[in-house]
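The values are calculated or read from the model by the stated rules, or taken from the named source; none is laboratory data. All values reported here derive from a predicted model rather than from experimental measurement. Side chains are part of the model used for accessible areas, which takes the heavy atoms of the whole protein and leaves out ligands, DNA and RNA. Shrake-Rupley method; radii C 1.70, N 1.55, O 1.52, S 1.80 Å.
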Amino acid sequence: MNILLAEDDKQLGGLLATMLRRADFQVTWAESGDDAYKKVYGDDYEVLVFDWMMPGLSGIELCQRLREENYQGKILLLTARDSVEDKVSGLDSGADDYLVKPFEFLELVARIRALARRVEHYQQEETDYGDFKLNRSAETLSNKNGNIQLSPREFKIVDILLCNRNKVIPREILMDRVWGIDGDITTNNLDAHIKLLRKKIAQITSDEIIKTVRGVGYKIER
């Protein structure tokens, strides 16, 4: 199981990462909210585990931003805050579960596995964007004229652009979210993917929905 752990406490973060790996998880560890945000779209994580209080983006702010972008994955918040109001705030921000520190490691593992079991059903839902329908499990884009199969990276590009339609997404952000911050990718590679995407989308619409904003990036206007 592939998870992203965001914890700024080096001692705790290192300990959790090590123990989760021993429990047969694949773990990517981010030491700040901003670093976690850059890594979220770089891999297919089944569960995100965020500490509430982190430098830069807090766990709460990170949840809110991802849900505003229509991120579909499962999120578990870790925090020392244990009041009912805090729990409500965490869940309202978009978290799927909430674990109060200090906690037993076995409970953390159980909660992560429980969330992962719900991911498949969660991702089967289709999302409508105007004339288009995006299927997250099949990674297809369709409208009344037909259905096109997207590659994993094409799907990520379309998903990000549709979730942020009418907003310009800089090339650098797209590259970070699709290939990962450490991905060996250039703007020419991204532009080539966009060109192929446009050809595929042209099979079901005559409109060129992916717009180039010269010197900045891309956007979808619908």
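Calculated from DSSP H runs of 4 or more alone, at -39500 (n - 2.57) each and per residue, what is the 222 nm mean residue ellipticity of the chain, nearest 500?
-13000 deg cm²/dmol
State the extension gain, in nm to one decimal, for the chain segment bounded by Val216 and Asn188, taking 0.36 nm per residue of separation less the distance between their alpha-carbons.
On the way: separation 28, 0.36 × 28 = 10.08 nm, distance 1.35 nm.
Extending this stretch completely gives an extra 8.7 nm.
Hey, can you find the accessible area per residue of segment 1-86 for me, probe 1.4 Å, expressed in square angstrom?
Numbers: 3740 Å² over 86 residues.
About 43 Å² of surface per residue is accessible.
GNM, the chain, Cα, under 10 Å: largest mean-square fluctuation among Val88, Val47, Val178?
Checking each option, the largest mean-square fluctuation is seen for Val88.
May I ask you to derive the relative contact order of the chain, considering only C-alpha pairs under 8 Å and at least 6 residues apart, and to give it as an integer percent? Please list the in-between numbers first.
On the way: 349 pairs, mean separation 35.2, N = 222.
Worked out over the chain, it gives 16 percent.
Amide H to amide H, which residues 5 or more places from Met53 or on other chains are under 5 Å from it, using H placed in the peptide plane?
Here Gly59 satisfy the definition.
Starting from the amide H of Lys74, placed 1.01 Å from N in the peptide plane, find each other amide H under 5 Å away whose residue is 5 or more places distant or on another chain.
Here Leu48 satisfy the definition.
So for segment 15-124, considering every pair of alpha-carbon atoms, how many percent are separated by more than 19 Å?
Working: 2511 of 5995 pairs.
The answer is 42 percent, as a whole percent.
Kindly write out, for segment 131-147 in residue order, the coupling ³J(HN,Hα) from the Karplus curve 6.51 cos²θ - 1.76 cosθ + 1.60 (θ = phi - 60°), rounded to whole Hz, with x marking Gly and Pro.
Running phi through 6.51 cos²θ - 1.76 cosθ + 1.60 with θ = phi - 60° gives 7, 9, 10, 10, 9, 7, 7, 8, 6, 10, 10, 9, 8, 5, 8, x, 9 Hz.
Round to a whole number: what % of the accessible area of segment 160-222 belongs to carbon and sulfur, probe 1.4 Å?
Ligands and nucleic acids excluded, carbon and sulfur give 45 percent.
Got a sec to turn the phi values of segment 151-164 into Karplus ³J(HN,Hα) couplings, 6.51 cos²θ - 1.76 cosθ + 1.60 with θ = phi - 60°, whole Hz, x for Gly and Pro?
6, x, 6, 4, 4, 4, 4, 4, 4, 5, 5, 5, 5, 10
Share of antiparallel DSSP beta bridges in the chain, in percent to the nearest 5?
Numbers: 17 of 35 bridges.
Restricted to the chain, the bridges split so that about 50 percent are antiparallel.
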